[in-house]
Amino acid sequence: MQEKIEKVCTPVLKRITPKTRERAKIEALAKKLEKKVVSASKELGVKAEVRVEGSVARDTWLSGDPDIDVFMRVSTTISRKSLGGICLKIARKATEGSKQIERFAEHPYLEAIVDDVRVNIVPCYKVKRGEWISATDRTPFHTDYVKKRLNAQMRGEVRLLKKFMKGTDTYGAEIKIGGFSGYLCELLILHFKSFTSTLEAFAQHKQRIVIDIENYYKKRENELQLLFKEPLIIVDPVDKGRNVASAVQPQKLYTFIAAARTFLKNPDINFFYPPETTALTVKELKQKLHKRGSAIIFLTFGKVDAVPDILWGQLYKSQRSLHKLIQLNDFNILRDISWSDEKALNMFIFEIEQRFLPPIKKHLGPPLEKEHECERFLMKHLNNLGTVSGPYIEDGRWVVELRRKYTDVVALLSEKLKDGGRNAGVAKQISQVLRKGFKIFVNNESIEVYKKNSEFAKFLTEFLPGKPKWLEAA
């Protein structure tokens, strides 16, 4: 099997390793940006130590997909409150004339597209190790730690792991994805030594994976279990109180485990390069929705004035609340997901067994041996307008038949969201947009949106079968 794995991985590694010309271009651009940030800092009167960090500094970036991270290390005399604003001004000046996108982690930072390369200009404080003020203060220490320990062969293994994770949609620590970060990939290779060994370790995962490269918790494993609750624990070598994997959502961890098992049994290039999605024709979409037989609810609304990380945080929070609302009203949810083009269109999608429910439901009360609970139950349901039948006794307990308040999931959502849905748990910024208006489409009604938005068309084409692309190779 190792021979089969190598047969797939060798050409992939060749494709993702930057060639001399590309490497020279990225290194030159990184130096140019470094100088521009230094110059802009001086011009705006801010003393900053400027360094290139991340995958370019550590030489673990993928050919054709470089990210240049330029960090500004500033004095601790600048307050946390003003750190983001001051450094955004510097970043905007240093990347004038380029497409600029404001991002947000613990504080704002700038993403720019310079010469077709994505560039992140990020502020942090110049501090001693362990004296962290902001989360990004650790990054220069991460870079120094990894650069000292990764050799050329291991850097290739990191590239393979990153590409595999990108192909299986488990890479990226941003809120939208909730996957593995680049630094986390580097630490996994430092620990397991190779791409294949990393997959083998995760494929055998049962309950929890714990990695402590620096042995901070040697003979103190109980303390580690109390400190970190996540299913994947990678103790940060530069900060023993931090789990590098804390941002990895369980769904992404389990997807990676399943993909690792499948790849090891049947190695295939599709894990690294999944086939492009061709959107279904309208006719095909109609046929699939009809054949499915469920009710897919598309709750669509307009632009949310928030940077992507804030937007996705708000979307996921609202989705969880609406999921709970729908379930509490007896509708059975098969799947649900948030989708956004991060511009003018956002939506929540709920696939429900059936849109309409019968007007009456059976509600079980307490068993007769629980006297006080029985009294309360009778007081609540006797002479209640919502009680259709009962209370009566069945199998030793009180039972009533109640009239449902909502028999149509669309009516439920329309009613609960007409004022923005704050009482239903919708996040503040989403609520503000919903208050201005939203549309709910069911099944074929979504074709109106499908025709107008090619990104959504591709997404829905992938969503309907529900099967990850890498499973096609199994």
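With respect to ALA105, is the statement that it is surrounded by 15 or more Cβ atoms within 10 Å (Cβ to Cβ) and either farther than 14 Å from ALA30 by Cα or modelled with pLDDT of 90 or more (or both) true? Walk me through how you get there before you give the answer.
Details: surrounded by 15 or more Cβ atoms within 10 Å (Cβ to Cβ): yes; either farther than 14 Å from ALA30 by Cα or modelled with pLDDT of 90 or more (or both): yes.
So ALA105 passes the test.
Which of the following residues is at pLDDT below 95 and not in a helix (DSSP H, G or I): VAL37, VAL46?
Numbers: VAL37 fails: not in a helix (DSSP H, G or I).
Every option except VAL46 fails the conditions.
Criterion first (assigned to a helix (DSSP H, G or I) and free of Cβ contacts under 8 Å to residues at least 12 places away in the same chain) does ASN444 satisfy it? Full working, then the answer.
Numbers: assigned to a helix (DSSP H, G or I): yes; free of Cβ contacts under 8 Å to residues at least 12 places away in the same chain: no.
No, not satisfied.
Somewhere in segment 415-428, is a residue touching a residue at least 24 places away in the same chain (Cβ under 8 Å), over 20 Å from ILE326 (Cβ atoms), in the same structural domain as LYS324 (by TED's automatic domain parsing) and assigned to a helix (DSSP H, G or I)?
Within segment 415-428 (the criterion being touching a residue at least 24 places away in the same chain (Cβ under 8 Å), over 20 Å from ILE326 (Cβ atoms), in the same structural domain as LYS324 (by TED's automatic domain parsing) and assigned to a helix (DSSP H, G or I)), the answer is yes, since at least one residue qualifies.
Listed residues GLY64, GLY84; which is within 30 Å of ASN266 (Cα to Cα), in contact with a Pro (Cβ under 9 Å, 6 or more places away or on another chain) and in the same structural domain as TYR125 (by TED's automatic domain parsing)? Outline the logic, then answer.
On the way: GLY84 fails: within 30 Å of ASN266 (Cα to Cα).
Step by step, each of GLY64, GLY84 is checked, and only GLY64 is within 30 Å of ASN266 (Cα to Cα), in contact with a Pro (Cβ under 9 Å, 6 or more places away or on another chain) and in the same structural domain as TYR125 (by TED's automatic domain parsing).
Restricting to segment 279-319, count the residues that are in a loop (DSSP other than H, G, I, E, B), out of contact with any Lys or Arg (no Cβ under 8 Å at 6 or more places or on another chain) and more than 30 Å from ALA173 (Cβ to Cβ). Break it down into steps so the answer makes sense when it comes.
Residues of segment 279-319 that are in a loop (DSSP other than H, G, I, E, B), as a first pass: 279-281, 293-294, 302-307.
Subsequent filtering for residues that are out of contact with any Lys or Arg (no Cβ under 8 Å at 6 or more places or on another chain) retains 281, 293-294, 304-306.
Restricting the remaining residues to those that are more than 30 Å from ALA173 (Cβ to Cβ) gives 281, 293-294.
Selection size over segment 279-319: 3.
Tally the residues that are surrounded by fewer than 22 Cβ atoms within 10 Å (Cβ to Cβ) and either under 17 Å from LEU110 (Cβ atoms) or in contact (Cβ under 8 Å) with a residue 24 or more places away in the chain (or both), restricting the search to segment 70-82.
Total satisfying the criteria: 7.
How many residues does segment 145-186 hold that are aliphatic (A, V, I, L, M), assigned to a loop (DSSP other than H, G, I, E, B) and more than 13 Å from the chain's Cα centre (by Cα)?
Step one: filter segment 145-186 for residues aliphatic (A, V, I, L, M), giving 146, 150, 152, 154, 158, 160-161, 165, 173, 175, 177, 184.
Still in the list and also assigned to a loop (DSSP other than H, G, I, E, B): 150, 173, 175, 177.
Checking which are more than 13 Å from the chain's Cα centre (by Cα) leaves us with 150.
Adding up the residues that qualify gives 1.
Residue-by-condition table, conditions (1) closer than 30 Å to PHE164 by Cα; (2) more than 25 Å from the chain's Cα centre (by Cα); (3) small (Gly, Ala, Ser); (4) modelled with pLDDT under 95:
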residue: THR407; (1), (2), (3), (4): no, yes, no, no
residue: LYS416; (1), (2), (3), (4): no, yes, no, no
residue: PHE441; (1), (2), (3), (4): no, yes, no, no
residue: LYS452; (1), (2), (3), (4): no, yes, no, yes
residue: GLU455; (1), (2), (3), (4): yes, no, no, yes
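Is there a residue being touching a His at 6+ places or on another chain (Cβ under 7 Å), crowded, with 22+ Cβ neighbours inside 10 Å and not assigned by TED's automatic domain parsing to the domain that holds PHE463 anywhere in segment 162-184?
Here is the first cut: in segment 162-184, the ones touching a His at 6+ places or on another chain (Cβ under 7 Å) are 183.
The next check asks that each one be crowded, with 22+ Cβ neighbours inside 10 Å; those that pass are 183.
Among the residues that remain, those that are also not assigned by TED's automatic domain parsing to the domain that holds PHE463 are: 183.
Yes, some residue in segment 162-184 is touching a His at 6+ places or on another chain (Cβ under 7 Å), crowded, with 22+ Cβ neighbours inside 10 Å and not assigned by TED's automatic domain parsing to the domain that holds PHE463.
Those residues that are assigned to a helix (DSSP H, G or I), free of Cβ contacts under 8 Å to residues at least 40 places away in the same chain and buried (at least 17 other Cβ atoms within 10 Å of the Cβ), I need them from segment 199-232; list them, please. Spell out the reasoning first.
The initial filter retains those residues of segment 199-232 that are assigned to a helix (DSSP H, G or I), namely 199-203, 221-227.
The next check asks that each one be free of Cβ contacts under 8 Å to residues at least 40 places away in the same chain; those that pass are 201, 221-227.
Once the filter is applied, which keeps residues that are assigned to a helix (DSSP H, G or I), free of Cβ contacts under 8 Å to residues at least 40 places away in the same chain and buried (at least 17 other Cβ atoms within 10 Å of the Cβ), segment 199-232 yields only LEU224.
Restricting attention to segment 233-251, which residues are part of a loop (DSSP other than H, G, I, E, B) and touching a residue at least 24 places away in the same chain (Cβ under 8 Å)? Steps first, please.
Let us first name the residues in segment 233-251 that are part of a loop (DSSP other than H, G, I, E, B), namely 237-238, 244-249.
Residues satisfying the conditions are PRO237, VAL238, VAL244, ALA245, ALA247, VAL248, GLN249.
Tell me which of these VAL37 doesn't satisfy, since it passes every other one: (1) surrounded by 15 or more Cβ atoms within 10 Å (Cβ to Cβ); (2) out of contact with any strand residue (DSSP E or B) (no Cβ under 9 Å at 6 or more places or on another chain); (3) more than 26 Å from ALA247 (Cβ to Cβ).
Every condition holds for VAL37 apart from (2).
The values are calculated or read from the model by the stated rules, or taken from the named source; none is laboratory data. A quick note: this is a predicted structure, and the numbers were derived from the prediction, not measured. Virtual Cβ from ideal backbone geometry, glycine too; neighbours counted across all protein chains shown.
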